[in-house]
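Have a look at the structure below, then the notes.
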Amino acid sequence: MDILFKVLIDPFLQMGAMPDLFVQTIWDGFVTGVLYALIALGFVLIFKASGVFNFAQGIMVVFAGLTLVGLYEMGLPAPLALLVTLGVMFVLALAIERVVLRPLVNQPDIILFMATFGITYFLIGLGELIFGGNPKQMITDQLFLPRGAIEVKMLGGFVQFQKIDIAAAVIAVVMIVALAVFFQKTRIGRALRAVADSHKAALSVGISLNQIWVIVWFTAGIVALVTGIMWGARSDVSFGLQVIALKALPVLILGGFTSVPGAIVGGLIIGIGEKLGEFYWGPLVGGGIESWLAYCIALGFLLFRPQGLFGDKIIERI
Amino acid sequence: MFYRETGQFKTNYADDMAVFPILQDRIGIGLILAVAFVLIPLTGSNFLLSSVMIPFLVFSLASIGLNILTGYTGLISLGTGAFMGVGAYACYKLTTLFPEVNIVVWIVMSGFVSALVGVLFGLPSLRIKGFYLAVATLAAQFFLQWCFTRIPWLYNYNTSGAIEVGQRTLFGIDVTGAKASLEARYMVLLTLVTVLTWVASNLMHGRIGRSFMAVRDMDIAAELMGIDLLKTKLLAFAVSSYYAGVAGAAMMFLWYGGGEANDAFNINQSFLILFMVIIGGLGSLIGSFFGAAFISMLPTVLKFGLPALGIPLAGATAEHLTYILVGALIIFFLIVEPHGLARLWQIGKQKLRMWPFPY
Amino acid sequence: MTRESIQKGEVLLAVDQVSLSFGGVKAITDVSFDIRKGEIRAIIGPNGAGKTSMLNVINGFYHPQQGKITFKGQTRSKMRPSVAAAQGIARTFQNVALFKGMSTLDNIMSGRTLKMHSNFFWQCLRHGPAMDEEIRHREFVEDIIDFLEIQAIRKVPVGKLPYGLQKRVELGRALAMEPDLLLLDEPMAGMNLEEKEDMSRFIIDVNTQYGTTIALIEHDMGVVMDLSDRVVVLEYGRKLADGTPDEVKADQNVIDAYLGVAH
């Protein structure tokens with residue numbers, strides 16, 4: 001009975017006893033969730049347009065952040081470094097399309113998936129070779145990102161909102177809106193949606209797949225850069241981020257591989273669920289459950305809704 | 001000219017269904033086994049045994065396991081490392097609790113614990129398919145890895161938090177622990193791998209292998225033919241995890257000689273074994289060996305091969321270059337032959353059959 | 001057994017007022033018909049009439065919202081596909097659903113799975129009972145291979161075979177199950193005249209030699225009218241007509257459905 005009390009009742013009592021702490025935990029989870037959602041977003045873009053399960057999205061985040069900081073350290077002014085990094089991401093997209101995607105067109109999904117592993121290894125090696133493997137400080141001030149925190153008095157205590165977190169949330173929203181407009185309103189966006197529906201049909205009406213792939217990977221690269229800056233500003237820029245980026249995978253399960261709203265909602269659920277779980281239930285089993293809780297939330301969810309949050313019901317046909 | 005089945009007539013179905021129906025293949029296998037069992041232990045250097053052969057054999061076993069799941073049954077798993085860990089910890093617990101039972105028995109038995117855990121984590125596979133399942137197996141990877149470090153009972157409350165391999169003997173010869181010779185460890189491992197490969201080959205050539213492949217190729221049709229999908233998938237998880245578990249136990253006891261879970265059984269290990277299976281060839285046992293050889297020897301070859309070619313390398317740079325090269329090679333191999341080294345091997349054999357004529 | 005005696009023969013499978021819908025889309029509405037032991041029963045109708053859905057209902061892949069299915073005297077409203085297979089229902093598919101990575105031989109052998117019982121231990125060793133069983137079933141499968149005249153492609157991976165042969169292998173795989181009821185979903189789709197003639201011959205031979213009851217979906221009216229004992233016509237998920245080929249041909253509803261009605 002004691003155990004049941006500790007698992008089922010006590011955490012909620014704690015939440016009620018210190019509501020300010022509860023709000024703080026939710027806020028932390030929310031911000032983490034936004035960043036998960038951003039990684040997942042880059043992933044969804046690529047999966048929709050080229051059907052590639054892009055394992056390298058995590059390393060692209062690290063690589064983009066690292067390039068930016070590395071270039072700055074080499075003496076480039078921050079705005080120029082940002083531009084050059086964008087250029088690097090474009091070249092990367094071009095190279096991936098040319099060297100990896102084009103020769104592997106029409107191969108089974110798992111082969112393309114493995115190829116993105118190859119990209120991951122390659123980028124890890126390249127990044128470390130050029131910029132070194134040590135963690136770096138994100139150039140927060142130079143990019144005019146705010147520092148410090150706002151403390152709000154509420155619920156009988158203080159809740160701290162880091163300014164950089166607020167900025168991250170705002171920038172994420174802006175980017176998502178921009179992407180939505182890009183997809184819905186532009187000619188390239190329409191072509192992208194066509195490719196997502198059917199490669200063959202898109203080809204037959206004269207859409208160049210290769211061009212679309214470059215655009216999509218570049219877009220994912222931009223998303224990765226933004227994620228890298230935000231995440232780097234919260235902690236630092238290091239290859240450790242790559243493991244955290246794996247957390248985007250349960251988000252994808254939850255939201256569905258092809259759904260942008262799914263990625264966002266899924267990211268928030270995972271982020272908040274994980275923080276609450278770790279904070280209120282983690283101590284019961286000795287902590288550290290953050291490493292797997294997200295996967296178990298996603299797995300449990302999947303058992304009841306195999307198509308994800310926003311997917312259509314799957315009707316199997318033969 | 002030398003490799004031809006002409007004139008080798010089969011007069012009954014048993015002969016026709018043999019794993020190696022062609023005489024030359026049987027001779028080849030005999031030769032390989034002779035070299036592995038006699039020549040290498042007698043003449044091989046310590047370097048060959050410890051840095052090449054033992055890692056190769058351990059990884060071969062693990063890739064056979066994953067290949068049964070991914071290559072034959074079509075279920076992608078990213079949790080192989082964790083299942084190996086289950087085997088290692090099971091073996092550790094068993095040999096500490098019952099030290100009088102021979103260690104080799106426990107290495108073989110520990111696979112069953114791993115199989116059980118594999119079945120548990122395989123349960124979602126009925127409802128989840130493809131990459132969704134792959135991500136689901138990550139739950140197994142991270143949860144089990146967490147267990148390895150957070151449950152002190154598993155590592156016998158050692159202060160190091162790691163598996164400590166004690167001294168154990170087989171027929172009076174040390175096979176584990178600090179005093180065990182490389183040759184003894186190698187021979188035990190080689191025997192295990194040979195027997196288990198034979199068993200895997202038997203399974204894959206019979207009813208069970210066929211139902212695995214049926215599920216992989218067209219699960220709906222398999223179901224409509226009376227193949228129970230849940231049972232078949234769970235069996236695949238069980239067999240696969242068994243092999244992974246034995247590989248993990250062998251890795252700890254016959255190769256590392258002790259160590260910590262987070263190093264040996266982490267997510268990177270899972271990925272590495274998936275590489276081996278893909279590079280070697282999905283759905284091919286011999287491919288598992290090729291893949292294991294390729295991936296496990298690549299860092300060693302680069303480390304010693306590049307300086308020999310006149311490209312001097314300092315420690316850190318060498319490591320970065322290895323990453324770059326491994327990444328590039330993976331992509332290269334996938335482009336050249338997406339069906340893996342096993343397919344290249346088959347094409348080679350086909351060419352040999354025609355030789356000296358082009359077709 | 002003469003064709004006339006079959007016509008009055010016992011009912012092997014009866015579909016009773018079955019309705020099936022996906023969300024709001026009605027695939028089958030209130031359809032009843034029966035299949036008698038030993039006959040060749042054709043299901044025809046325009047595209048989207050619910051023919052394939054009907055087969056899916058019969059072998060348990062789709063679960064109808066309403067209605068009952070009686071097979072060999074056992075009545076049920078839904079069942080698992082593997083149970084249907086165990087009770088003796090085999091089928092082929094509209095789009096060939098072979099196991100592409102396996103050889104012809106292995107594909108047909110996999111049809112014997114339900115009949116193989118040697119345990120896991122012997123399977124591991126591939127000796128003793130497991131090997132005996134394997135050889136026994138191989139002999140049975142070789143008979144099917146002879147019957148379908150596909151000896152030459154025994155060891156070829158089916159993915160490499162031309163379409164017509166794939167259809168034949170698929171029939172072989174279904175036959176390997178020794179079914180009481182064989183469901184064929186467009187066995188002749190996409191075939192040329194010669195291949196159609198071959199396939200027709202196999203279907204008739206299966207029916208007469210092994211006495212297997214056959215239900216088939218086919219668009220080629222010539223073939224349907226020649227082969228089948230009785231025909232059921234579906235349109236928009238409803239039953240339009242049911243009877244011998246001659247009766248169906250003369251049915252005004254059918255003529256309207258196929259030729260269109262002047263309004």
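Might you let me know whether the range B:233-243 holds any residue that is closer than 30 Å to C:A174 by Cα, surrounded by fewer than 20 Cβ atoms within 10 Å (Cβ to Cβ) and either under 21 Å from the mean Cα position of the chain (by Cα) or more than 9 Å from every other protein chain (Cβ to nearest Cβ) (or both)?
Looking for residues that are closer than 30 Å to C:A174 by Cα, surrounded by fewer than 20 Cβ atoms within 10 Å (Cβ to Cβ) and either under 21 Å from the mean Cα position of the chain (by Cα) or more than 9 Å from every other protein chain (Cβ to nearest Cβ) (or both), one finds at least one in the range B:233-243, hence yes.
Of the conditions (1) over 28 Å from C:G38 (Cβ atoms); (2) among the aromatic types (F, W, Y); (3) modelled with pLDDT of 85 or more, C:F120 fails just one. Which one is it?
Going through (1) over 28 Å from C:G38 (Cβ atoms); (2) among the aromatic types (F, W, Y); (3) modelled with pLDDT of 85 or more one by one, C:F120 breaks only (3).
Looking at C:I108, C:I135, which one is surrounded by fewer than 20 Cβ atoms within 10 Å (Cβ to Cβ) and of a type outside the set (S, T, Y)?
Among C:I108, C:I135, only C:I135 is surrounded by fewer than 20 Cβ atoms within 10 Å (Cβ to Cβ) and of a type outside the set (S, T, Y).
When the residues of the range B:244-277 are filtered to those that are farther than 21 Å from B:V108 by Cα and aromatic (F, W, Y), which remaining residue is surrounded by the most Cβ atoms within 10 Å (Cβ to Cβ)?
That would be B:F275.
Testing B:I227 on (1) in contact with an Asp or Glu (Cβ under 9 Å, 6 or more places away or on another chain); (2) outside any loop (DSSP other than H, G, I, E, B); (3) modelled with pLDDT of 85 or more, one condition comes back false. Which one is that?
Against the list (1) in contact with an Asp or Glu (Cβ under 9 Å, 6 or more places away or on another chain); (2) outside any loop (DSSP other than H, G, I, E, B); (3) modelled with pLDDT of 85 or more, B:I227 comes up short only on (2).
Could we say that A:L76 is of a type outside the set (G, A, S) and part of a helix (DSSP H, G or I) here?
The answer is no for A:L76.
Out of A:K247, A:K163, which single residue is in contact (Cβ under 8 Å) with a residue 12 or more places away in the chain, surrounded by fewer than 21 Cβ atoms within 10 Å (Cβ to Cβ) and not aliphatic (A, V, I, L, M)?
Of A:K247, A:K163, the one residue that is in contact (Cβ under 8 Å) with a residue 12 or more places away in the chain, surrounded by fewer than 21 Cβ atoms within 10 Å (Cβ to Cβ) and not aliphatic (A, V, I, L, M) is A:K163.
With the structure loaded, tell me whether A:L66 is within 14 Å of chain B (Cβ to nearest Cβ), within 15 Å of A:F122 (Cα to Cα) and surrounded by 16 or more Cβ atoms within 10 Å (Cβ to Cβ) or whether it fails that test.
Judged against the criteria, A:L66 is a match.
Which one is farthest from the other protein chains (Cβ to nearest Cβ) among residues in the range A:106-126 that are polar (S, T, N, Q) and not in a helix (DSSP H, G or I)?
A:N106
Kindly provide the set of residues from the range A:221-257 that are assigned to a helix (DSSP H, G or I) and within 14 Å of another protein chain (Cβ to nearest Cβ), ordered by number.
A:Q242, A:V243, A:I244, A:A245, A:A248, A:L249, A:P250, A:V251, A:L252, A:I253, A:L254, A:G255
If I ask for residues that are outside any helix (DSSP H, G or I) and within 10 Å of chain B (Cβ to nearest Cβ), which ones from the range A:92-105 would you list?
The answer is A:R102, A:P103, A:L104.
Consider C:R91 carefully, then state whether it is under 21 Å from C:Q166 (Cβ atoms) and not acidic (D, E).
Against the criterion (under 21 Å from C:Q166 (Cβ atoms) and not acidic (D, E)), C:R91 qualifies.
Across the range C:184-198, what is the number of residues that are touching a strand residue (DSSP E or B) at 6+ places or on another chain (Cβ under 8 Å) and not in a loop (DSSP other than H, G, I, E, B)?
2
Go through the residues of the range B:84-98 one by one and say whether even a single one is within 22 Å of A:E290 (Cα to Cα) and either among the small types (G, A, S) or free of Cβ contacts under 8 Å to residues at least 60 places away in the same chain (or both).
yes
Which ones in the range C:13-47 are farther than 24 Å from C:P179 by Cβ and out of contact with any Asp or Glu (no Cβ under 9 Å at 6 or more places or on another chain)?
Across the range C:13-47, the qualifying residues are C:S21, C:F22, C:G23, C:G24, C:V25, C:K26, C:A27, C:T29, C:D30, C:N47.
Sort out which residues of the range A:107-121 are closer than 21 Å to B:L69 by Cβ and among the polar types (S, T, N, Q), and write them in order of number.
The answer is A:Q107, A:T116.
Would it be correct to say that B:I29 is surrounded by 15 or more Cβ atoms within 10 Å (Cβ to Cβ) and free of Cβ contacts under 8 Å to residues at least 60 places away in the same chain?
no
Checking the conditions here, which among A:L299, A:L303, A:L276 is farther than 25 Å from B:K129 by Cβ, assigned to a helix (DSSP H, G or I) and among the aliphatic types (A, V, I, L, M)?
Going through A:L299, A:L303, A:L276 in turn, the sole match is A:L276.
Just to check your reading of the model, which residue among A:A49, A:A95, A:A56 is within 18 Å of the chain's Cα centre (by Cα) and at pLDDT 85 or above?
When all the criteria are applied, what remains is A:A56.
I'd like the full set of residues that are charged (D, E, K, R) and within 20 Å of C:D246 (Cβ to Cβ), limited to the range C:8-54.
Scanning the range C:8-54 gives C:K8, C:D34, C:R36, C:E39, C:R41.
Could you give me the residue pairs with C-beta distances under 6 Å whose first residue belongs to the range B:336-359 and is free of Cβ contacts under 8 Å to residues at least 40 places away in the same chain, whose second residue is among the charged types (D, E, K, R) wherever it lies, and which are 6+ apart or on separate chains?
From residues that are free of Cβ contacts under 8 Å to residues at least 40 places away in the same chain, the pairs are B:E337/B:R343; B:L344/B:E337.
Has the range A:127-143 got at least one residue that is within 14 Å of chain B (Cβ to nearest Cβ), under 30 Å from A:S50 (Cα atoms), surrounded by 13 or more Cβ atoms within 10 Å (Cβ to Cβ) and free of Cβ contacts under 8 Å to residues at least 12 places away in the same chain?
The answer is yes; a qualifying residue exists.
Before we move on, is B:F290 closer than 27 Å to B:L126 by Cβ and either modelled with pLDDT of 90 or more or touching a strand residue (DSSP E or B) at 6+ places or on another chain (Cβ under 8 Å) (or both)?
no
Kindly establish whether B:A36 is surrounded by fewer than 24 Cβ atoms within 10 Å (Cβ to Cβ), touching a residue at least 12 places away in the same chain (Cβ under 8 Å), of a type in the set (A, V, I, L, M, F, W, C) and over 30 Å from B:R216 (Cα atoms).
Considered against the rule, which asks whether it is surrounded by fewer than 24 Cβ atoms within 10 Å (Cβ to Cβ), touching a residue at least 12 places away in the same chain (Cβ under 8 Å), of a type in the set (A, V, I, L, M, F, W, C) and over 30 Å from B:R216 (Cα atoms), B:A36 comes out as yes.
Suppose we filter C:V248, C:V206 for residues that are more than 28 Å from C:M116 (Cβ to Cβ), among the hydrophobic types (A, V, I, L, M, F, W, C) and buried (at least 19 other Cβ atoms within 10 Å of the Cβ); which single one remains?
Every option except C:V248 fails the conditions.
The values are calculated or read from the model by the stated rules, or taken from the named source; none is laboratory data. Values in this document were obtained by computation on a predicted structure and should not be read as measured data. No Cβ is skipped: glycine too gets one built from the backbone with ideal geometry, and neighbour counts run over all protein chains shown.
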